[in-house]
Amino acid sequence: MKLLIYLLAFVSLPLLAQEAIQPKDYTIEQFYENTRIAGGYFSPDEDKLLVSSDKSGIFNLFEIDISNAEMQQITNSKEDSYFAIDYVPNSENMLYSADKGGNEINHIYLLEENGNSTDLTPGENEKAQFAGWNKDKSGFYYISNKRNPQFFDLYEMDMQSLESEMIYKNEENLTVEDISHHGQLLALSKSITTSENKLFLYNLQTKEMTELSAKAAQYSASGFDKNDEHFYYITNAGREFKSLIEYNLKTKKSNNLFETNWDVMYSYLSENDKYRVIGINEDGKNSLIINNTQTGEEVDLPDMQNEDIVAVNISDSEELMRLTIGTAKAPNNLYVYDFSSGDLKKLTNTLNPEIDAEDLVSAEVVRYESFDGLEIPAIYYKPHQASENNKVPALVWVHGGPGGQSRVGYSALIQYLVNQGYAILAVNNRGSSGYGKTFFRMDDKKHGDEDLKDCIWGRKWLQDQEYIDADKIGIIGGSYGGYMTMAAMTFTPDEFEAGVNIFGVTNWLRTLKSIPPYWEAFREALYEEMGDPVKDSIALYNKSPLFHADQVKNPVMVLQGANDPRVLQVESDEIVAALKENDVPVEYIVFEDEGHGFIKKENEIKAYRQIREFLDKYLKEEE
């Protein structure tokens, strides 16, 4: 049955022709002279921001002086990326997170003002995640699987003694989502499927467990108010899109606090509950609403013209707000906004000054009909140089997941390829998040079939554009998108002229059996969507490209991180060997110091340059 996307009426027609412009030709090195910045945490005196940036080649900690926007590097890691967590309250000390070579075994570290660094979660195979400060800011909560690799328990660490205490032993395979301010209530969830979970409130003192998930749906915790009178959560129970619910902890009554015709992604209150921030996934981009809870009025956010406010962080004084501003044409930048004066100060300039943003392209939301008439949303990037008289090659881009989403925003690889003359259609095939729960469920146990057809019909949409070379269209994707790439090259071998598989699954039987132990809480839900490697072994065999590699005809490039815990290197080793055995042109790159995603600039430069060279060879050169 055709899903009606009623929010935005759209007729799928070829885009209108525009006069071609020849942009300046930029190298991949120039794109990686851009700087990525993440985070933005206010110091206790609110005169600095703590951020993570790859200005040094990999992510390190930096401080930005708000008064003059000067940026000072704090750590000097050469091997592993460091990601800021927060300043330690009432001090200049900091917490940060890091793993080893992309293995995803994250530890929490304390960096003291004198430069000393201490691993606070030093277990060899211990994966730890910060879960917030306690009420008096004397310590912090974190989850860790040091007791059992499969289960995450909740601990509280004292910042004076640096000793931790387990406060919740997780013996029921639940996920800790939130802790009340007084530390008595926990929000816990249990995965059922990828589109359904249970949500509970657990009282640590009375051991009472209260289920809030009355209907089969998705639920996620969204915090407690300052006095622990209300708990907030997000759900799509009884509706197509996710809304924000207020639950009164005394009366046990629920109230629909906010909903719209898109998913509410997250919501939280500022330090003293003066402001409520609501993030909305509005047709592939973030939309933010900030309400003053004291007046009931919506805060009038600064007009950023053609840029989007991606995220904010409100200082503890509730006088300042950090804004993360994004656009498809540049990496995110940070600003600080003063609520009382209305002053807005830009703190960063992430785009390489050698690059003219006008040479880059904007992201456009389009829709097209798939094989069964279903409307498929996509993010489209059209090269400036494309015209009816200068037809360009194109790529179908497939996001990760399953259940991910291609969104409006900056991608160095996409902008580099578009600058080099490739049109890119980032398909949000059925099963993608952000378009309602019906759309999200439509690919369950149909992977490599109907979602793949959505990608093929994306190719057909590209062919309808008069400036696209209809015979020069490839497919590219990472993780689940890498699987979709290999599925396309294997099961529909005549559709795409070349494929780029970035750490994609090729053997579902092995991947589903070898998921990391710390995914145990999610394992059954994943099996419910993808298939059980024992019960559904025949179906998984049939949709695994490795076992049908003899059907591949056209060139393939494969990229892999040696430390990837999700898609093991053997997956890529075996598909490459099978393709070579069948005399299919294949190129293979393995990065010994990367995991599931490449994060070091030197590796990204190498990988993306070679992707471009591969595509040029098979989608541009005359046969």
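Quote the FRET efficiency, to the nearest 0.05, computed for ASN173 versus GLN22 with a Förster distance R0 of 51 Å and r equal to the Cβ-Cβ distance.
Working: r = 58 Å, r/R0 = 1.13.
With a Förster radius of 51 Å, E is 0.35.
Once the dipole of the chain is set up with Lys and Arg at +1 and Asp and Glu at -1 on Cβ about the Cα centre, which of TYR202, PHE152, TYR527 lies farthest towards its positive end?
Of the listed residues, the answer is TYR527.
Once you sort the root eigenvalues of the Cα gyration tensor of segment 417-478 as a ≥ b ≥ c, which label holds: rounded (a/c under 1.5), prolate (a/b larger than b/c) or oblate (the other case)?
On the way: a/c = 2.41, a/b = 2.09, b/c = 1.15.
Prolate shape, in that a/c is at least 1.5 and a/b is the bigger ratio.
Divide by every residue of the chain the summed helix terms, -39500 (n - 2.57) for each DSSP H run of at least 4, and state the resulting mean residue ellipticity at 222 nm, rounded to the nearest 500 deg cm²/dmol.
Numbers: 10 runs with 99 residues, N = 623.
Helix contribution divided over all residues of the chain: -4500 deg cm²/dmol.
What order do you get for THR327, THR206 when you list them from fewest to most C-beta neighbours inside 10 Å?
On the way: THR327 22, THR206 8.
In order of increasing Cβ crowding within 10 Å: THR206, THR327.
Using only Cα atoms, locate the centre of segment 119-150 and the centre of segment 378-439, then give the distance between them in Å, rounded to an integer.
Between the Cα centres of segment 119-150 and segment 378-439 lies a distance of 38 Å.
Show me, for segment 267-274, the HN-Hα J-couplings you get by feeding each phi into the Karplus relation (A = 6.51, B = -1.76, C = 1.60, θ = phi - 60°), rounded to Hz, glycine and proline as x.
7, 7, 9, 5, 3, 10, 6, 5
What is the magnitude of the charge dipole of the chain about its Cα centre, with +1 placed on the Cβ of each Lys and Arg, -1 on the Cβ of each Asp and Glu, and no other charges, expressed in debye to the nearest 20? Write out the running numbers ahead of the final one.
Working: 58 positive and 103 negative charges, 310 e Å.
The calculated dipole for the chain is roughly 1500 debye.
For segment 35-135, with only Lys/Arg (+1) and Asp/Glu (-1) charged at the beta-carbon, what is the dipole magnitude about the Cα centre, in debye rounded to 20?
Working: 7 positive and 18 negative charges, 56 e Å.
Around 280 debye, computed over segment 35-135.
Most exposed first by the Cβ proxy, i.e. fewest other Cβ within 10 Å, how do ASP494, ASP54, ASP464 rank? Walk me through the intermediate numbers first.
Values: ASP494 7, ASP54 20, ASP464 13.
Fewest-to-most Cβ neighbours within 10 Å comes out as ASP494, ASP464, ASP54.
Of all alpha-carbon pairs in segment 143-238, indicate the percentage at a distance above 24 angstrom. All intermediate terms of the calculation are to be shown ahead of the outcome.
On the way: 1101 of 4560 pairs.
Taking all Cα-Cα pairs of segment 143-238, the fraction more than 24 Å apart is 24 percent.
Quick one: check the C-alpha center-to-center distance for segment 229-268 versus segment 33-93, whole angstrom.
Taking the Cα centre of segment 33-93 as reference, the centre of segment 229-268 is 34 Å away.
Between segment 517-540 and segment 296-341, what's the alpha-carbon centroid distance in Å?
With segment 517-540 and segment 296-341 each reduced to a Cα centre, they are spaced 41 Å.
What residue among SER341, PHE231, PRO89 has its Cα farthest toward the positive end of the dipole of the chain, where the charges are +1 on Lys, Arg and -1 on Asp, Glu, each on the Cβ?
PHE231
Please name whichever of VAL366, ALA539, TRP457 sits farthest to the positive end of the charge dipole of the chain, dipole taken about the Cα centre and charges placed at Cβ: Lys and Arg +1, Asp and Glu -1.
Of VAL366, ALA539, TRP457, it is ALA539.
Provide the per-residue ³J(HN,Hα) series for segment 233-245, in order, calculated from phi with Karplus coefficients 6.51, -1.76, 1.60 and θ = phi - 60°, each as a whole number of Hz, with x at glycine and proline positions.
8, 10, 7, 10, 4, x, 8, 7, 10, 7, 10, 9, 10
Expressed as cubic angstrom per residue, what is the convex hull volume of the alpha carbon set of segment 35-135?
On the way: hull volume 10.4 nm³, N = 101.
About 103 Å³ per residue, rounded to a whole number.
Say R0 is 41 Å: what FRET efficiency, to the nearest 0.05, do ASN203 and GLN294 get from their beta-carbon distance? If you can, show how the numbers build up before the last one.
Numbers: r = 30 Å, r/R0 = 0.73.
It comes to 0.85.
So how do TYR435, TYR82 line up by other beta-carbon neighbours within 10 Å, fewest first?
On the way: TYR435 26, TYR82 22.
Listing TYR435, TYR82 from fewest to most nearby Cβ atoms yields TYR82, TYR435.
Would you mind classifying segment 557-623 by shape? Square roots of the alpha carbon gyration tensor eigenvalues, ordered a ≥ b ≥ c; an a/c under 1.5 is rounded, otherwise it is prolate if a/b is larger than b/c and oblate if not.
Since a/c reaches 1.5 but b/c is at least a/b, the shape of segment 557-623 is classed as oblate.
From Cα pairs below 8 angstrom and at least 6 apart in sequence, can you work out the relative contact order of the chain, rounded to a whole percent?
Working: 1464 pairs, mean separation 69.7, N = 623.
Contact order relative to length: 11 percent.
When only C-alpha pairs under 8 Å and at least 6 residues apart count, what is the relative contact order of segment 361-619, in percent?
Working: 528 pairs, mean separation 42.3, N = 259.
The value is 16 percent.
Nearest 20 debye, what's the magnitude of the dipole of segment 361-619 about its Cα centre given +1 on Lys and Arg Cβ and -1 on Asp and Glu Cβ? Each step should come with its number before you reach the end.
On the way: 27 positive and 39 negative charges, 88 e Å.
With only Lys, Arg, Asp and Glu charged at Cβ, the dipole is about 420 debye.
How large is log10 I(q)/I(0) at q = 0.08, 0.12, 0.14 Å⁻¹ when the Debye formula is applied to the Cα atoms of segment 361-619, each weighted equally and without solvent?
-0.28, -0.66, -0.92
For GLU466 and TYR268 in the same chain, what is the full-extension length gain: residue separation times 0.36 nm, less their Cα-Cα distance, in nm? Could the numbers behind the result be given before it?
On the way: separation 198, 0.36 × 198 = 71.28 nm, distance 4.66 nm.
66.6 nm is the gain from fully extending GLU466 to TYR268.
Taking 0.36 nm per residue of sequence separation and subtracting the Cα-Cα distance, how much length would be gained by fully extending the chain between GLU92 and ASP494, in nm to one decimal? Each step should come with its number before you reach the end.
Details: separation 402, 0.36 × 402 = 144.72 nm, distance 5.97 nm.
Difference between extended and current length: 138.8 nm.
Could you run the Karplus curve 6.51 cos²θ - 1.76 cosθ + 1.60 with θ = phi - 60° over segment 535-550 and give me ³J(HN,Hα) per residue in whole Hz, x for Gly and Pro?
Result, ordered by residue: 5, 10, 4, 5, 4, 5, 4, 5, 9, 8, x, 4, 7, 10, 5, 5 Hz.
Set the Förster radius R0 to 25 Å, insert the Cβ-Cβ distance between THR193 and ALA38 as r into 1/(1 + (r/R0)^6), and round the FRET efficiency to 0.05.
Values: r = 31 Å, r/R0 = 1.24.
So, using R0 = 25 Å, E works out to roughly 0.20.
Taking amide H atoms as placed 1.01 Å from N in the peptide plane, list the residues 5 or more away in sequence, or in a different chain, whose amide H sits under 5 Å from that of LEU395.
ALA423, ILE424, LEU425, GLY474
At 7 Å along Cα-to-Cβ for each site, give me the label-to-label distance between THR251 and ARG609 in nm.
Rounded to a tenth, the inter-label distance reads 6.5 nm.
The numbers here are math on the coordinates, done by the rules we state, and not lab data. Small disclaimer: the values here were computed from a predicted structure and weren't measured. FYI the Cβ positions are ideal-geometry reconstructions off the backbone, even for glycines, and counts take in every protein chain you see.
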